[in-house]
Amino acid sequence: MSTVPVGDSTRHLIAAVKKLEHSLHTSGLPRWMARLPAWWLGWHYCRMLDHKIARMRRIAHKFEQWLPAIRAADQDPRAQLEFIDMDHAMRDDIDATRQTMWELRAYCIDIATMFDQLGYQSARLNRRQRLFLSVIEHTCVQAATMQDMLVAHDARVLTLLQQRQQPHLPVCA
């Protein structure tokens, strides 16, 4: 992982693209041809977003499949006691996934700002960015729902186990 902050990388990339564009224009190329590096960067970023959107949709699909499984385990008395997240590993994994998605969301917003600073506008890029942000937000909501369900399930199972451990108290008449 790079130790250079994203903001610094973005500033360097903006400066490099602007310098290249200026060099191409001053060497005699028309303005539209000098803008090709910014266009290529936008195209490349759209391709990256397409891959990230597909990956986020796969994660969302997994959450969609797991939610009914958790609900079903919570309703089945036999499965209820078999499924408990005692070490919080599952919740921690979901939380780490959510955190990574929010970081990707922040990067997407930073990249949109970078293109604005370059003066580059693209309807295709804007659509991809909006779609990416909405897929991330939807997936994060699913992850939060799943975490809440796990917490509630574990609390019910622990209460049930505690009730089973208590000795039966005699009934006083």
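The values are calculated or read from the model by the stated rules, or taken from the named source; none is laboratory data. Predicted, not measured: the structure shown is a model, and the values here were computed from it. Neighbour counts run over all protein chains shown; Cβ positions are idealised from the backbone, glycine included.
Would you be able to tell me the number of residues in segment 102-147 that are of a type in the set (Phe, Trp, Tyr) and out of contact with any Cys (no Cβ under 9 Å at 6 or more places or on another chain)?
So the count comes out to 3.
Do we find that residue 114 is over 20 Å from the mean Cα position of the chain (by Cα), part of a helix (DSSP H, G or I), aliphatic (A, V, I, L, M) and surrounded by 14 or more Cβ atoms within 10 Å (Cβ to Cβ) in this structure?
yes
Counting just the residues of segment 3-26 that are of a type outside the set (A, V, I, L, M), within 17 Å of residue 106 (Cβ to Cβ) and in a helix (DSSP H, G or I), which one comes out modelled with the lowest pLDDT?
Of segment 3-26, the ones of a type outside the set (A, V, I, L, M) are 3, 5, 7-12, 18-19, 21-23, 25-26.
Still in the list and also within 17 Å of residue 106 (Cβ to Cβ): 5, 7-11.
Filter once more, so that each one left must be in a helix (DSSP H, G or I): 7-11.
Values: 7: 63, 8: 70, 9: 71, 10: 69, 11: 71.
That would be 7.
Collect the residues in segment 88-107 that are assigned to a helix (DSSP H, G or I) and modelled with pLDDT under 90, keeping them in residue-number order.
89, 90, 91, 107
Return a yes/no flag: does segment 27-44 have any residue that is of a type in the set (S, T, N, Q), in a helix (DSSP H, G or I) and either farther than 24 Å from residue 124 by Cβ or free of Cβ contacts under 8 Å to residues at least 40 places away in the same chain (or both).
Within segment 27-44, none of the residues are of a type in the set (S, T, N, Q), in a helix (DSSP H, G or I) and either farther than 24 Å from residue 124 by Cβ or free of Cβ contacts under 8 Å to residues at least 40 places away in the same chain (or both).
Is it the case that some residue within segment 29-48 is over 18 Å from residue 114 (Cβ atoms) and among the basic types (Lys, Arg)?
For segment 29-48, residues over 18 Å from residue 114 (Cβ atoms) and among the basic types (Lys, Arg): present.
Working only within segment 59-96, note down all residues that are of a type outside the set (Asp, Glu), under 30 Å from residue 45 (Cβ atoms) and surrounded by fewer than 16 Cβ atoms within 10 Å (Cβ to Cβ).
Correct list: 61, 62, 96.
So, of the residues in segment 45-87 that are touching a residue at least 12 places away in the same chain (Cβ under 8 Å) and assigned to a loop (DSSP other than H, G, I, E, B), which turns out to be nearest to residue 126 (Cα to Cα)? Even if it seems obvious, please write down each step before you answer.
Initially, segment 45-87 is screened for residues touching a residue at least 12 places away in the same chain (Cβ under 8 Å), giving 45-46, 49-50, 52-53, 56-57, 59-60, 63-64, 66-67, 70-71, 73-74, 80-81, 83-86.
Filter once more, so that each one left must be assigned to a loop (DSSP other than H, G, I, E, B): 81, 83-86.
Values: 81: 48, 83: 43, 84: 43, 85: 40, 86: 43 Å.
Per the stated criteria, the residue is 85.
If I filter segment 124-136 for residues that are out of contact with any Pro (no Cβ under 7 Å at 6 or more places or on another chain), free of Cβ contacts under 8 Å to residues at least 40 places away in the same chain, in a loop (DSSP other than H, G, I, E, B) and among the small types (Gly, Ala, Ser), do I get at least one hit?
No, that holds for no residue.
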